[in-house]
Amino acid sequence: MCGKESLMRVRPVTIPLDTRALHCTGVESAKNPVEKIHSGEVAMRVALLTGGGDCPGLNAVIYAAVKKGINHYGDEFIGFLAGWRGVLDNNWIPLTLDGTDGIQLKGGTILHSSRTNVKKVPGGIEKVQEVLRANGIDALIALGGDDTQSVTLALSEHGIPSVGVPKTIDNDINGTDTTFGFDTAVSIATEAIDRLHTTADAHNRVIVCEVMGRDAGWIAYASGVAGGAHVILVPEKEIDIDHVIALIKYNYDHGKHYAIVVVAEGCHLPEVGQVVNPDAKRDSFGHARLSGIGEALASLIEKKAGYETRSVNLGHTQRGGVPTAYDRTLGQRYGLHAIDMVHEKKWGRIAVLHGLDITDIPIKEAIATNRRLDKRFFDVIADLEAKV
Ligand code: F6P
C-alpha cells in the first residue's frame, strides 16, 4: 500500500468498526522514540484531516508532519478523507513517507476537503470518538479555518486528543500573523490585477476586480496595494461611492483614462449590503456564499459616473494551483510544530505564527473573533490613493 503511486490509486479504507481491534493507547512504553523506531514499535498513531475550503500549502503541512512524525518520533499516520466527513464515514488512507514524497510542492490537498459540521450531526461527537478509538488513533491533527477548528475544540473538550493548524487564504484567524495560502492567493490576485491594467488602459475602461476573503479585507488590501489599484475597498470600511467615483474621475482628469478598482467579496454595497449568490444554500456552518459585488459595483459606477466599466470575479483561481515558496515553507513549519504539539500533548491548542516564531495558543482564542484590518491598514490605503 506504500509508495506515491499506490497513494494515488489507493482506495479509501472503510473497515467495520466492530471487527477492528482497539489500539492500546493507555499503556506507555518505557522506550524513547528512537528506541521505538529501532524496535519497529509505533510511538503514536496519528490521524490528519483537512477541512473547509482548500488552500495552497495544505500538502506542505501534511508532508512535514508525517516526515518528522515517522523519522523523529517513530509515529504511524492515517489521513481521513474529505475533512470531518471522512471521520464520520470511517474513510481514510494510510500516510507514509513514500506516499507523501513531493506533495509539499502541490496545491489542493491529497486528503480532499468538505465543510462538514460534526456539531450539527446528531451523535456526531460520539461517532468521531468511536471511529478514532476503533482505528487506534492516539492523536488528531486538524488543518482548517475557524469552522473546522470549532469542531476540533469541541472534540478536545470531549477528551479527544487533538490539535489544530490554521488554514485559510482569508488570513483572518485570530492570534496568527499569517496563514499559509494567503501569500499564494495574493500573488494570483496581484498577477490578475497587473493584467487588468493593460487591457483597461487599452480600452479606457474602469475594471472592477472582486477578490475573496469573506468578511476580512486582507486579500483585497494586499493585492490592491501590490497591484497598484486606484481604488481598494475592504469589508471593514463602509463604501463611500462618491469617494470611489472621485478617485476614478481623478485618473480620467489627469491623463490616465482608466482605473482599477479592487473590491473584497464581503464589502457592503451602499443600500444593498453584502452581495450573496441567491441560488446558493448556506453551508453547514451558516455562511452565505458571498459573490457578485464586483458586478454590482461596476454597474453602479457606470450608471453614476458614465465611464465604461467591466468587472471580473477571480473566485477560486485564488485558491488553486501550486503554493508560493513562502506558503510551502510556512506550511512545512506549521506541520513540524503540529507533530511536536502532539508529542507534547498540547491538546486543544493551535499552531500560530508570531513574528518569525511558530508557537501555539488555545484554539478557543484563535476562533473567538476574526482577525480583520484596522486603522493601520486603512491608512496605507488612504495614503496611496489620489488626493481628491
Ligand atoms: O474561506 C475561504 C474562502 O475561499 C472564502 O474566501 C470564500 O468566501 C469561500 O471560501 C468560498 O467557499 P466555497 O469554496 O465553498 O465556494
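The values are calculated or read from the model by the stated rules, or taken from the named source; none is laboratory data. Remember, predicted model here, so these are calculated numbers, not experimental data. In this analysis, Cβ positions are derived from the backbone assuming ideal geometry, glycine residues included, and neighbour counts consider all displayed protein chains.
Need at least 1 residues that are surrounded by fewer than 16 Cβ atoms within 10 Å (Cβ to Cβ) per element, so show me which strands (runs of 3 or more DSSP E) inside segment 285-388 make the cut, counting only ones lying wholly within it.
On the way: elements: 309-313, 349-354, 357-362.
Filter on segment 285-388 gives 349-354, 357-362.
Quick one: count up the residues across segment 156-171 that are under 22 Å from residue 336 (Cα atoms) and not hydroxyl-bearing (Ser, Thr, Tyr).
Applying the first criterion (under 22 Å from residue 336 (Cα atoms)) to segment 156-171 yields 156, 160-169, 171.
Applying the additional criterion that residues be not hydroxyl-bearing (Ser, Thr, Tyr) yields 160-161, 163-167, 169, 171.
Residues flagged as under 22 Å from residue 336 (Cα atoms) and not hydroxyl-bearing (Ser, Thr, Tyr) within segment 156-171 amount to 9.
Let me confirm something: among 338, 325, 351, 366, which residue is within 16 Å of the ligand (Cβ to nearest atom), at pLDDT 95 or above, closer than 28 Å to residue 46 by Cα and hydrophobic (A, V, I, L, M, F, W, C)?
So the residue among 338, 325, 351, 366 that is within 16 Å of the ligand (Cβ to nearest atom), at pLDDT 95 or above, closer than 28 Å to residue 46 by Cα and hydrophobic (A, V, I, L, M, F, W, C) is 366.
Is there any pair with a first residue in segment 43-66 that is touching a residue at least 12 places away in the same chain (Cβ under 8 Å) and among the basic types (Lys, Arg) and a second that is away from the ligand (no atom under 16 Å from the Cβ) and in a loop (DSSP other than H, G, I, E, B) whose Cβ atoms are under 9 Å apart and which are 6 or more apart or on different chains, and what are they?
Every condition considered, the pairs that remain are 45/23; 45/25; 45/75; 45/135; 45/136; 45/137; 45/138.
Inside segment 119-137, can you point out the residues that are assigned to a helix (DSSP H, G or I) and of a type outside the set (Asp, Glu)?
Across segment 119-137, the qualifying residues are 119, 120, 124, 125, 127, 128, 129, 131, 132, 133, 134.
So in segment 237-278, with the set limited to residues that are more than 15 Å from the ligand (Cβ to nearest atom) and among the acidic types (Asp, Glu), which one is surrounded by the fewest Cβ atoms within 10 Å (Cβ to Cβ)?
Result: 271.
Name the pairs whose Cβ atoms lie under 7 Å apart, with the first residue in segment 111-137 and closer than 24 Å to residue 66 by Cα, the second modelled with pLDDT under 95 and basic (Lys, Arg), and 6 or more positions between them or separate chains?
Qualifying pairs under 7 Å: 134/20; 135/20.
Yes/no per residue for (1) touching a strand residue (DSSP E or B) at 6+ places or on another chain (Cβ under 6 Å); (2) at pLDDT below 95; (3) over 30 Å from residue 61 (Cα atoms):
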{"residue": "170", "(1), (2), (3)": "no, no, no"}
{"residue": "173", "(1), (2), (3)": "yes, no, no"}
{"residue": "176", "(1), (2), (3)": "yes, no, no"}
{"residue": "179", "(1), (2), (3)": "yes, no, no"}
{"residue": "182", "(1), (2), (3)": "no, no, no"}
{"residue": "185", "(1), (2), (3)": "no, no, no"}
{"residue": "189", "(1), (2), (3)": "yes, no, no"}
{"residue": "192", "(1), (2), (3)": "no, no, no"}
{"residue": "201", "(1), (2), (3)": "no, no, yes"}
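Which ones in segment 200-236 are closer than 20 Å to residue 181 by Cα, small (Gly, Ala, Ser) and away from the ligand (no atom under 16 Å from the Cβ)?
226, 227 - these are the residues of segment 200-236 that are closer than 20 Å to residue 181 by Cα, small (Gly, Ala, Ser) and away from the ligand (no atom under 16 Å from the Cβ).
Quick check: anything in segment 294-301 within 15 Å of the chain's Cα centre (by Cα), touching a residue at least 60 places away in the same chain (Cβ under 8 Å) and within 16 Å of the ligand (Cβ to nearest atom)?
The answer is no; no qualifying residue exists.
Of 134, 139, 220, which residue is under 21 Å from the mean Cα position of the chain (by Cα) and buried (at least 18 other Cβ atoms within 10 Å of the Cβ)?
220
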